[in-house]
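Undergrad: Sharing a structure, written as structure tokens. Questions coming.
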Amino acid sequence: MKRAKPQEIKTKALIIGGGIAGLAAATVLEDHGEDYILVDEYPFMGGQYLRHREEYIPRDTETRKQGFALLEKLKGKENIWTSSLVFGCYNGNGEKAVAVSKDGRVFLIKPEKIIVATGAREKFLPFPGWTLPGILSVGAVQALVKTSGTLPGKEGIFAGTGPFLLAAAYEYEKAGGRVLGIFELNPLAKLLKFLPHALDKEKFKEALRYLRLLWSRMKFGWKVERAEAEGEKIKVVMSKGRARKTLVGDFLATGYGFSPNTEAAQICGCEVEYKPELGGFVVKTGEDLNCGDGVYACGEVTGIGGARKSLIEGKIAALSLLGKKDEKLLNQRKRELAFARSLNFVFSVPRDLWKKIPDDTIICRCEDVRMGDIKKVVEEGFSFLRELKETTRITMGNCQGRTCFPIVTEYLRAMGKKPEPMSIRPPLKPVETGIFVEGGET
Amino acid sequence: MKPVTIKVNGKSVRAREGEMLAAALLRAGIRVFRRSPQGQPRSLFCGMGTCFECLVKADGRWVRSCITPVKEGMEVEVEEG
């Protein structure tokens, strides 16, 4: 067996992530005639926000219009790599080498500078039964609808918190599904008190469009107690104080906002900090989105704020990389950050709910670790992530903690512990060992 | 999208070229994609390549079916529900 020699490629800038932030950054570099490579893990460009199949491209908001224009502009370019996974970053001789797995081979990209635009993933408040087939994340439902034109079932229940529930339910119903109910965890009074100040014209118009269709089916202050399989259907028990409500649907879509995908930034040397008002652990940057050491971060990784924030930050990061600054963009970013903070505050999960997760609830879906297993270890006095990992196996499965780490972080915080970041090691996501061997099977 | 045929556990399933494999499986009425370490049924969950719940074997390789495009003649193995 012989070790495969990775192909080395030098470039001025490497952009990790081809969502709206990465695309915005790439366009700026393109316009300045800079040499760059953009890599994305998915088989398509555009990230979650723009992952629409060609027959279905809505241009209903200014941000979406601009997003699709970026996609169109960069389409088919050879320096844009899809299905390419960044799995490591190595320092040596004062330069960084970023390891990418593509077409069953390893490429070592040696960039002068790096822009990390790896977006976010959904967060969850687990309940007994949340691992059943037929219970999906809100994003999964939306992706099925917009990428594949497929409905996960004829009648769906949506439960969780945040405007994304409403947006996804709207798209699902427009595609022919039937929304049985949208159960927002937060009470209407809290939403009404803070939201109107946060919304600008574009976002207000978008919200109105969704509400016109779905308002009568929206319920506020409801929490998922548990879910069970009932034949091919899903039975969901909801609670509000002492009141209980049982619904049966073809599927349940659940989601509680987003958490930044900071892993690639961390492995490239960026620091993270815990900012609940921005979604959890976020990449630490200056106003110019510079993390130091030639690495820049933009979009959801610096704080959960939506597509328009990502679009603005992508441009700022690329301009910073070029040693330029645009005051107008910096001011726009400040407004987006203010919006992000209100949104994450309004649609948050009350702290005590993390402590009320029943013991038999699975927390780590990869390794089937339950709440009771974690509680027991914490009660014994262990609370450092490493200790929990070693004793329970949380964060040690295929997803490497991407799903359970934010949950465990919130639970520990509710128990009065200080959140600590996860230590990140290569490979960032599982890769086939065959890619490291000459002529290896992958 | 162009109609194609794939094989799932040896049976022919109709799909559309380029759509995500998970979508084709769900439309074919396949609800369980794999089993967890404790033997529980699992299926599509995050839909964006994060959670690894939708892992299946396609043409002999483990793939996340939510971010794997369908190809004509693809041979897919799921763990029977």
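Undergrad: Could you pull the accessible area for residue A:396 with a 1.4 Å probe, rounded to 10 Å²?
TA: 80 Å²
Undergrad: Can you give the accessible area per residue of the protein assembly as shown, in Å², using a 1.4 Å probe? Could the numbers behind the result be given before it?
TA: On the way: 22320 Å² over 523 residues.
Counting only protein heavy atoms, the per-residue value for the protein assembly as shown is 43 Å².
Undergrad: Anyone know which of A:183, A:194, A:347 comes out most mobile in the 10 Å Cα GNM of chain A?
TA: Maximum fluctuation in the GNM of chain A, among the listed residues, is at A:194.
Undergrad: Turning to a different aspect of this structure: Where does chain A land at 222 nm, in deg cm²/dmol rounded to the nearest 500, when only DSSP H runs of n ≥ 4 count, each adding -39500 (n - 2.57), divided by all residues?
TA: -9500 deg cm²/dmol
Undergrad: Expressed in nm to one decimal, what extension gain is obtained for the pair residue A:216 and residue A:32 from 0.36 nm per residue of sequence separation less their Cα-Cα distance? Numbers along the way, then the final one.
TA: Details: separation 184, 0.36 × 184 = 66.24 nm, distance 5.01 nm.
Length gained, residue A:216 through residue A:32: 61.2 nm.
Undergrad: Hey, what do the phi angles of the range A:60-67 turn into as Karplus ³J(HN,Hα) couplings, whole Hz, using 6.51/-1.76/1.60 and θ = phi - 60°, x for Gly and Pro?
TA: 8, 10, 4, 5, 5, 4, 5, x
Undergrad: What spacing in nm lies between the two simple spin-label points modelled at residue B:75 and residue A:105, each 7 Å away from Cα in the Cβ direction?
TA: The two pseudo-label positions are separated by 2.6 nm.
Undergrad: Length gain on complete extension for the stretch residue A:73 to residue A:244, per 0.36 nm per residue less the alpha carbon to alpha carbon distance? Write down the numbers at each step before the final one.
TA: Details: separation 171, 0.36 × 171 = 61.56 nm, distance 5.15 nm.
So the extension gain works out to 56.4 nm.
Undergrad: Let me ask something else. For chain A, set up a GNM with springs between Cα atoms under 10 Å and report which of A:72, A:34, A:273 has the largest fluctuation.
TA: Result: A:72 has the largest fluctuation of those listed.
Undergrad: Right, next: When only C-alpha pairs under 8 Å and at least 6 residues apart count, what is the relative contact order of the range A:378-437, in percent?
TA: Working: 28 pairs, mean separation 16.2, N = 60.
This gives 27 percent for the range A:378-437.
Undergrad: Another one. Taking 8 Å as the Cα distance limit and 6 or more residues as the minimum spacing, I'd like the relative contact order of the range B:1-71 as a percentage.
TA: Values: 116 pairs, mean separation 22.2, N = 71.
It rounds to 31 percent for the range B:1-71.
Undergrad: Please give the helix A:201-214 orientation as an angle from the longest Cα principal axis of chain A, in degrees from 0 to 90, rounded to the nearest 10.
TA: 40 degrees
Undergrad: So, one more: Where the convex hull is taken over the Cα atoms of the range A:101-192, what is its projected area averaged over directions, in nm²?
TA: Mean orientational projected area (the range A:101-192, Cα hull): 10.0 nm².
Undergrad: Now for a different question. Note the angle between two axes, namely the Cα long axis of helix A:188-198 and the longest principal axis of the Cα atoms of chain A, as a number of degrees from 0 to 90, rounded to the nearest 10.
TA: 30 degrees
Undergrad: Would you kindly work out the equivalent ellipsoid of the range B:3-77 from its C-alpha gyration tensor and give its semi-axes, the square roots of five times the eigenvalues, largest first in whole Å? Write down the numbers at each step before the final one.
TA: Details: eigenvalues 73, 33, 23 Å².
Taking √(5λ) for each Cα gyration eigenvalue gives 19, 13, 11 Å.
Undergrad: Please check: in the Gaussian network model of chain A (C-alpha springs, under 10 Å), which one of A:177, A:156, A:292 has the largest mean-square fluctuation.
TA: Looking only at A:177, A:156, A:292, the largest GNM fluctuation is found for A:292.
Undergrad: From the phi of every residue in the range A:125-135, what ³J(HN,Hα) in whole Hz does the Karplus formula 6.51 cos²θ - 1.76 cosθ + 1.60 yield, where θ is phi - 60° and glycine or proline is x?
TA: After applying 6.51 cos²θ - 1.76 cosθ + 1.60, I find 10, x, 9, x, x, 6, 8, 5, x, x, 10 Hz.
Undergrad: How charged is the neighbourhood of residue A:392? Take every other residue with its Cβ under 14 Å from the Cβ of residue A:392, and add Lys/Arg as +1 and Asp/Glu as -1. It would help to have the intermediate numbers written out before the result.
TA: Details: positive: A:365, A:370, A:375, A:376, A:386, A:389, A:393; negative: A:359, A:367, A:368, A:373, A:379, A:380, A:387, A:390.
Combined, the nearby Lys, Arg, Asp and Glu give -1.
Undergrad: Under 5 Å between amide hydrogens, which residues at least 5 positions from residue A:11 or on another chain qualify, with H placed 1.01 Å from N in the peptide plane?
TA: Those qualifying (amide H under 5 Å, at least 5 residues apart or on another chain) are A:110, A:112.
Undergrad: Give me the net charge for the shell around residue A:251: Cβ to Cβ below 14 angstrom, other residues only, Lys and Arg +1, Asp and Glu -1.
TA: Details: positive: A:154, A:178, A:233, A:235, B:27, B:31; negative: A:155, A:173, A:228, A:230, A:232, A:250.
Around residue A:251, the surrounding residues sum to 0.
Undergrad: Just for chain A, what percent of DSSP beta bridges are antiparallel, to the closest 5? Walk me through the numbers before you get to the answer.
TA: Values: 38 of 74 bridges.
Within chain A, antiparallel bridges account for around 50 percent of the total.
Undergrad: With every protein chain kept in the model, how would you rank A:105, B:35, A:3 by accessible area, 1.4 Å probe, largest at the top? Don't skip to the end; give the middle numbers.
TA: Numbers: A:105 115, B:35 70, A:3 195 Å².
The residues order as A:3, A:105, B:35, largest area first.
Undergrad: With a ≥ b ≥ c the root eigenvalues of the C-alpha gyration tensor of the range A:38-150, is it rounded (a/c under 1.5), prolate (a/b larger than b/c) or oblate? Intermediate values should be presented prior to the final figure.
TA: Numbers: a/c = 2.24, a/b = 1.35, b/c = 1.66.
Since a/c reaches 1.5 but b/c is at least a/b, the shape of the range A:38-150 is classed as oblate.
Undergrad: Tell me the trypsin sites (Lys or Arg not before Pro) within the range A:210-242 that lie in a loop according to DSSP and have at most 13 other beta-carbon atoms within 10 Å.
TA: Details: sites: A:212, A:217, A:219, A:223, A:226, A:233, A:235, A:240, A:242; in loops: A:242.
Of the trypsin sites (Lys or Arg not before Pro), the ones in loops of the range A:210-242 whose Cβ has at most 13 other Cβ atoms within 10 Å are A:242.
Undergrad: Between rounded, prolate and oblate, where does the protein assembly as shown land on the alpha carbon gyration tensor, with a ≥ b ≥ c its root eigenvalues, rounded for a/c under 1.5, else prolate if a/b exceeds b/c? Don't skip to the answer; put the middle values down first.
TA: Numbers: a/c = 1.29, a/b = 1.15, b/c = 1.12.
Rounded is the answer for the protein assembly as shown, as its axis ratio a/c remains below 1.5.
Undergrad: What net charge do the residues around residue A:53 carry, taking every other residue with its C-beta under 14 Å from that of residue A:53, with Lys and Arg at +1 and Asp and Glu at -1? All intermediate terms of the calculation are to be shown ahead of the outcome.
TA: Working: positive: A:51, A:146, B:2, B:16; negative: A:54, A:55, A:171, B:17, B:19.
Around residue A:53, the charge tally is -1.
Undergrad: With unit charges on the beta carbons (Lys and Arg positive, Asp and Glu negative) and the dipole taken about the Cα centre of the range A:233-292, which residue among A:276, A:251, A:291 sits farthest to the positive side?
TA: After comparing all options, I get A:251.
Undergrad: Using 19 Å as the Cα-Cα cut-off, could you pick out the over-long pairs in A:233/B:2; A:73/A:174; A:77/B:2; A:203/A:334?
TA: Checking Cα-Cα distances, A:233/B:2; A:73/A:174; A:77/B:2 exceed 19 Å.
Undergrad: Loop-only check: which GluC sites (Glu not before Pro) in the range A:301-374 are DSSP coil with at most 15 other Cβ within 10 angstrom?
TA: Details: sites: A:313, A:327, A:336, A:367; in loops: A:367.
Qualifying residues, ordered by number: none.
Undergrad: Return the whole-Å distance between the Cα centroid of the range A:217-269 and the Cα centroid of the range A:320-356.
TA: If you average the Cα positions of each part, the centres end up 24 Å apart.
Undergrad: Using +1 on the beta carbon of Lys and Arg, -1 on that of Asp and Glu, and nothing else charged, what's the dipole of the range B:3-77 about the Cα centre, debye to 20? Please report the intermediate quantities before stating the final value.
TA: Working: 13 positive and 7 negative charges, 45 e Å.
Dipole magnitude for the range B:3-77 comes out near 220 debye.
Undergrad: Which whole-number percent gives the relative contact order of the range A:124-256, counting Cα pairs below 8 Å spaced six or more residues apart? Working shown, then result.
TA: On the way: 241 pairs, mean separation 48.0, N = 133.
Taking the mean separation of contacting Cα pairs over the length of the range A:124-256, I get 36 percent.
Undergrad: Quick one: which residues, 5 or more positions from residue A:296 or on another chain, have an amide H under 5 Å from its amide H? H modelled 1.01 Å from N in the peptide plane, none for Pro or chain starts.
TA: Correct list: A:114, A:115, A:116, A:291.
The values are calculated or read from the model by the stated rules, or taken from the named source; none is laboratory data. None of the values given here were measured: they were computed from a predicted structure. Here Cβ is always computed from backbone atoms with ideal geometry, including for glycine, and neighbour counts include all displayed protein chains. What goes into the accessible areas is simple: the full protein's heavy atoms, side chains included, and nothing from ligands, DNA or RNA. Shrake-Rupley method; radii C 1.70, N 1.55, O 1.52, S 1.80 Å.
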